[in-house]
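Q: Structure below; questions to follow.
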Amino acid sequence: MSRRAHKNDWHPASWRSKEASQQASYPDLEALDRVVADLSRLPPLTTSWEIDELKAHFAKAQRGEVFVLQGGDCAETFAECTSENIVAKLKILLQMSLVMICGMKKPVVRVGRMAGQYAKPRSADTETRDGVTLPSFRGDIINRSGFTASDRTPDPQLILRGYERASMTLNFVRSLIDGGFADLHHPEYWDLDWVGHSSAASEYHNIMSTISDSLDFLETVSGRQFHQTQRADIYAAHEGLHLHYEQAQTRYLDRREQWYNLTTHFPWIGMRTAQLDGAHIEYFRGIANPIGVKIGQGMTRDWLQGLIEVLNPDNEPGRLTLIHRFGANSVEEHLPDMISAVKDMDAKVLWICDPMHGNTESTSDGTKTRRFENIIGEIESAFKVHDSMGSYLGGVHLELTGENVTECTGGARGLTDADLAKAYKSTVDPRLNYEQAMEVAMRIAGRNKA
Ligand code: PEP
Ligand code: CO
């Protein structure tokens, strides 16, 4: 088989010669390698043509022709791999995208943080409770959240369980899309009671009636229902943190003469694993997928330019996405430097704003939350900074759920710190609930209306 000499001896396991941060310590490395070998023989979850198609969409998003909506849980759990959850997540992404398409007057590419978002970086390797110290919980694909030594011992079998859950999730998503989920396309079926609680109610009502009118018009002229004219494709994305998992489903496709990570379409590198000489950068440089890197406070011009050189040496359009997450109070200070570092290299990148991870705070009782107004504030500032520098913000990256949780404060119903306890379900970062997520979409749609 011809495997063209590739990028200075890169291969799917070459990352193992580098230092990998945020990895679990497996007690039985042979068992781990057996799982990697098993997984490498199982069928892929995605295909190279879907991955290339997403890269082409990203190339357009870079040029301002389409907008990217990326959203989902901070961490998926195996227990929440249920039909209700998957339907709710698709529903919110689809409804948000329709609102944005109508307001922005351009296509929206939907990317779920789903079907593989099972591994989390942690600020400490261990957790101590009542004098007992155990490894930190790193996500369902690595260990279990219970506080016993056996729960917290990394278990390689969970990698296979994660692959299976990801596969079930994608399978159901694909079936729902093929079935057209017609009712979700029509605002008359949406849950919009909350709109009346907002001070922007009349603006939101206008947006909704524009959507209804546009759908009616489209259906009248085409003689077909919207879902028959528009396939609501959704792509999958997760943080490519657990390198054994990523490696196992990385395949060389002879016809394309490239390696693809076939666990997902769009893997990204977290802020905590983006060291230039680290294992994650080594792994990501060799795959052909469109890839993302989170950048936040602490990222320097040199570091960013180094990342661009290593991850996109050919300056390929659609290949590299920079997901910036500075926080509402810092974005105007730090983003211009990042944009000018990219401009100075003439680098083609897609810019996406993650208004979540720079805006996490704790309430007085220690509950992790984010304020709706800071999330909106960071998005607004990001649009402004990009506009003023002749750059283009091509998407948003959100942590959201289709359910009515109470994890972020604010929004139309004015959730307060005291409301958070009512339905706080996330074990990791606080997510926008259904209404708050829809409101973000309306604000983006409203902002871009001429
Ligand atoms: C995340 O996206 O959940 C995350 C951990 O983000 P970051 O790497 O930006 O901190
Ligand atoms: Co998160």
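The values are calculated or read from the model by the stated rules, or taken from the named source; none is laboratory data. As the structure is a computational prediction, the values presented were derived from the model and not from experiment. Here the Cβ is made from the backbone with ideal geometry for all residues, glycine too, and neighbour counts use every protein chain on show. These area figures cover heavy atoms from the full protein model, side chains too; ligands, DNA and RNA do not enter into them. Shrake-Rupley method; radii C 1.70, N 1.55, O 1.52, S 1.80 Å.
Q: Note down all Cβ pairs under 7 Å where the first residue falls in the range 280-298 and is more than 10 Å from residue 322 (Cα to Cα) and aromatic (Phe, Trp, Tyr), the second is open to solvent by less than 10 Å² (accessible area, probe 1.4 Å) and in a strand (DSSP E or B), and they're at least six residues apart or on different chains.
A: 284/269; 284/291
Q: Quick check on the range 420-430: of everything there that is away from ligand 1 (no atom under 16 Å from the Cβ) and open to solvent by less than 30 Å² (accessible area, probe 1.4 Å), which residue is farthest from residue 140 (Cα to Cα)?
A: 420
Q: Also: Where the second residue is outside any helix (DSSP H, G or I) and of a type outside the set (A, V, I, L, M, F, W, C) and the first is free of Cβ contacts under 8 Å to residues at least 24 places away in the same chain and lies in the range 88-116, which pairs have Cβ atoms under 7 Å and are six or more apart or on separate chains?
A: Close Cβ pairs (under 7 Å, with a partner that is outside any helix (DSSP H, G or I) and of a type outside the set (A, V, I, L, M, F, W, C)) amount to 101/107.
Q: Give the residues of the range 395-439 that are more than 16 Å from ligand 2 (Cβ to nearest atom), outside any loop (DSSP other than H, G, I, E, B) and of a type outside the set (D, E, K, R), sorted by residue number.
A: Listed by number, the residues that qualify are 395, 409, 410, 415, 418, 420, 421, 423, 434, 438.
Q: Counting just the residues of the range 187-234 that are surrounded by 12 or more Cβ atoms within 10 Å (Cβ to Cβ) and of a type in the set (Val, Ile, Thr), which one comes out nearest to residue 98 (Cα to Cα)?
A: 211
Q: A further question on this structure: Identify all residues within the range 339-358 that are away from ligand 2 (no atom under 16 Å from the Cβ), surrounded by fewer than 24 Cβ atoms within 10 Å (Cβ to Cβ) and not charged (D, E, K, R); write none if there are none.
A: Once the filter is applied, which keeps residues that are away from ligand 2 (no atom under 16 Å from the Cβ), surrounded by fewer than 24 Cβ atoms within 10 Å (Cβ to Cβ) and not charged (D, E, K, R), the range 339-358 yields 339, 340, 341, 342, 345, 347.
Q: Separate question: What strands (runs of 3 or more DSSP E) completely inside the range 46-140 contain at least 1 residues that are touching a strand residue (DSSP E or B) at 6+ places or on another chain (Cβ under 9 Å) and within 16 Å of ligand 2 (Cβ to nearest atom)?
A: Here the list reads 67-72, 108-113.
Q: Quick check on this structure: which one of 176, 170 is in contact (Cβ under 8 Å) with a residue 40 or more places away in the chain and open to solvent by 20 Å² or more (accessible area, probe 1.4 Å)?
A: It is 176.
Q: Now for a different question. Determine whether residue 19 is open to solvent by 40 Å² or more (accessible area, probe 1.4 Å) and touching a residue at least 12 places away in the same chain (Cβ under 8 Å).
A: yes
Q: Next question, about the same structure. Step by step: first the residues of the range 375-394, then only those that are assigned to a helix (DSSP H, G or I) and open to solvent by 40 Å² or more (accessible area, probe 1.4 Å), then the one that is nearest to residue 237 (Cα to Cα). Which residue is that?
A: 380
Q: In addition: If you take the residues of the range 88-121 that are in contact with a helix residue (DSSP H, G or I) (Cβ under 7 Å, 6 or more places away or on another chain) and open to solvent by 30 Å² or more (accessible area, probe 1.4 Å), which of them is nearest to ligand 1 (Cβ to nearest atom)?
A: Restricting to residues being in contact with a helix residue (DSSP H, G or I) (Cβ under 7 Å, 6 or more places away or on another chain) and open to solvent by 30 Å² or more (accessible area, probe 1.4 Å), the top hit is 91.
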